């Protein structure tokens, strides 16, 4: 078990380590991001263009992804069909979610709502949303679909995408085709903190949005933190993480590949492996070693395992699930006998993948729920990106004279308790104007 840290929870306290996990603050990153945000605030599009040329694409000449670029994008049939099937499943999942949450509500004027005895609510979509799609070392057409499709299903009026360009100033054909399929209103070739600042503040070319969703690197996340309140956000994310819970029945090869699937992204990702069976744990780790050796991202995955990851030997399944809930993982695979029987005890997880035939990669690309998930323990209080991220609720009240009359003593009492006499008078004057 030399690939990563090992904690034997039968004799050690596993929670001291887990409770110490947090999203790190880096003063150098904070300073750089603050300077980028201020530059975008004062110089707008010119700052965005220079930032794109400096950090991503020396050949960048235009921020806007043109109609010609979108129309000219081409993919091999296999890839094009994969994008279309993924989009159909993502759309179907979020349409089902919307139907479930709005069941029984009255639909009118582009929103849903209810009214009972003078009080009620309106559930309506946001007007403008910005989707951040990572770039750099990899290409992420899946992130285009996973974040923009739920917004479309929710009824968001305008959806804008920002994503870093390649060094020559272009976007990968797969990203362009995904943008076209998703029907986004406009896309821009700008990434990092500058893109978040542009969406939050607005520039000459990029409209200020109501909310930003989508994963990114530490500069993206630090920009989200600094701009929190100027714009709605899906969350302040840390690096990706995966937890695989195995018992003696688990297929070691499947479990090993699920563990490696998420840390394939970056060397700061984290993997957690838990079991009550030491023999099975070693079998999974042996399989991990086999799949690591010679793989294209072996160096970065080994670093993620050595620096960020942990194996837990649990006393029993009850303790194993307690450890899962303490980790609150972004992705959780239950590779155990009768996985459905354990779901009710899982309080904290961004997504749960059950059994031998639901690999981590299916969740990343095509199952249907968005792959933008809470990280670094945020699954204790956060959720995957979904249609509810793009809806807001308004309270509506319309009291009759008799209803107000019955409530005035309560209003006056609260006014006295909180030393706000005008509050009470504002209500009682309506009885004796």
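Does residue 152 fit the bill of being more than 23 Å from residue 91 (Cβ to Cβ), in contact (Cβ under 8 Å) with a residue 12 or more places away in the chain and touching a strand residue (DSSP E or B) at 6+ places or on another chain (Cβ under 9 Å)? So that I can check it myself, show each step before the final result.
Values: more than 23 Å from residue 91 (Cβ to Cβ): no; in contact (Cβ under 8 Å) with a residue 12 or more places away in the chain: yes; touching a strand residue (DSSP E or B) at 6+ places or on another chain (Cβ under 9 Å): yes.
So residue 152 fails the test.
Please work out if residue 71 is modelled with pLDDT under 95, surrounded by fewer than 18 Cβ atoms within 10 Å (Cβ to Cβ), part of a helix (DSSP H, G or I) and in contact with a helix residue (DSSP H, G or I) (Cβ under 9 Å, 6 or more places away or on another chain). Yes, satisfied.
Taking the conditions (1) surrounded by 24 or more Cβ atoms within 10 Å (Cβ to Cβ); (2) in a loop (DSSP other than H, G, I, E, B) in turn, residue 258 satisfies each one other than (2). Put simply, of 381, 420 the only residue that is more than 30 Å from residue 332 (Cα to Cα) and loosely packed, with under 13 Cβ neighbours inside 10 Å is 420.
Specify the residue that is modelled with the lowest pLDDT; the eligible residues are those in the stretch 238-251 that are farther than 15 Å from residue 355 by Cβ and within 29 Å of the chain's Cα centre (by Cα). Give the steps one after another, and end with the answer.
Step one: list which residues in the stretch 238-251 are farther than 15 Å from residue 355 by Cβ, which gives 238-243, 248.
In the following step, the residues that additionally are within 29 Å of the chain's Cα centre (by Cα) were identified as 238-243.
On the way: 238: 72, 239: 81, 240: 85, 241: 91, 242: 95, 243: 96.
Once the filter is applied, the top-ranked residue is 238.
When residue 406 is tested against (1) modelled with pLDDT under 95; (2) under 24 Å from residue 144 (Cα atoms), exactly one condition is not met: (2).
All told, residue 89 falls short of being at pLDDT below 95 and more than 17 Å from the chain's Cα centre (by Cα).
Out of contact with any helix residue (DSSP H, G or I) (no Cβ under 8 Å at 6 or more places or on another chain) and touching a residue at least 40 places away in the same chain (Cβ under 8 Å): does that describe residue 276?
no
The number of residues in the stretch 94-119 being surrounded by fewer than 16 Cβ atoms within 10 Å (Cβ to Cβ) and closer than 30 Å to residue 406 by Cα comes to 9. Could you check, for the stretch 20-43, whether at least one of its residues is buried (at least 17 other Cβ atoms within 10 Å of the Cβ), at pLDDT 95 or above and out of contact with any helix residue (DSSP H, G or I) (no Cβ under 9 Å at 6 or more places or on another chain)? For the stretch 20-43, residues buried (at least 17 other Cβ atoms within 10 Å of the Cβ), at pLDDT 95 or above and out of contact with any helix residue (DSSP H, G or I) (no Cβ under 9 Å at 6 or more places or on another chain): absent. Please go through the stretch 353-363 and pick out each residue that is surrounded by fewer than 19 Cβ atoms within 10 Å (Cβ to Cβ) and outside any loop (DSSP other than H, G, I, E, B). Listed by number, the residues that qualify are 354, 361, 362. Residue-level analysis places residue 104 outside the set of residues that are in contact (Cβ under 8 Å) with a residue 60 or more places away in the chain, under 21 Å from residue 387 (Cβ atoms), more than 25 Å from the chain's Cα centre (by Cα) and not in a helix (DSSP H, G or I). Against the list (1) assigned to a helix (DSSP H, G or I); (2) more than 19 Å from the chain's Cα centre (by Cα); (3) under 29 Å from residue 95 (Cα atoms), the condition residue 324 fails is (3).
Total residues in the stretch 293-321 satisfying the condition of being over 27 Å from the mean Cα position of the chain (by Cα) and either outside any loop (DSSP other than H, G, I, E, B) or crowded, with 17+ Cβ neighbours inside 10 Å (or both): the figure is 5.
Before we move on, is residue 393 touching a residue at least 12 places away in the same chain (Cβ under 8 Å), touching a helix residue (DSSP H, G or I) at 6+ places or on another chain (Cβ under 9 Å) and either surrounded by 20 or more Cβ atoms within 10 Å (Cβ to Cβ) or farther than 28 Å from residue 141 by Cβ (or both)?
Numbers: touching a residue at least 12 places away in the same chain (Cβ under 8 Å): yes; touching a helix residue (DSSP H, G or I) at 6+ places or on another chain (Cβ under 9 Å): no; either surrounded by 20 or more Cβ atoms within 10 Å (Cβ to Cβ) or farther than 28 Å from residue 141 by Cβ (or both): yes.
In short, no.
Scanning the stretch 125-144 for residues being under 13 Å from the mean Cα position of the chain (by Cα), surrounded by 24 or more Cβ atoms within 10 Å (Cβ to Cβ) and not in a strand (DSSP E or B) gives a total of 3.
The values are calculated or read from the model by the stated rules, or taken from the named source; none is laboratory data. These numbers were taken from a predicted model, which means no experiment stands behind them. For neighbour counting, all protein chains shown are included, and Cβ atoms are generated from backbone atoms with ideal geometry for every residue, glycine included.
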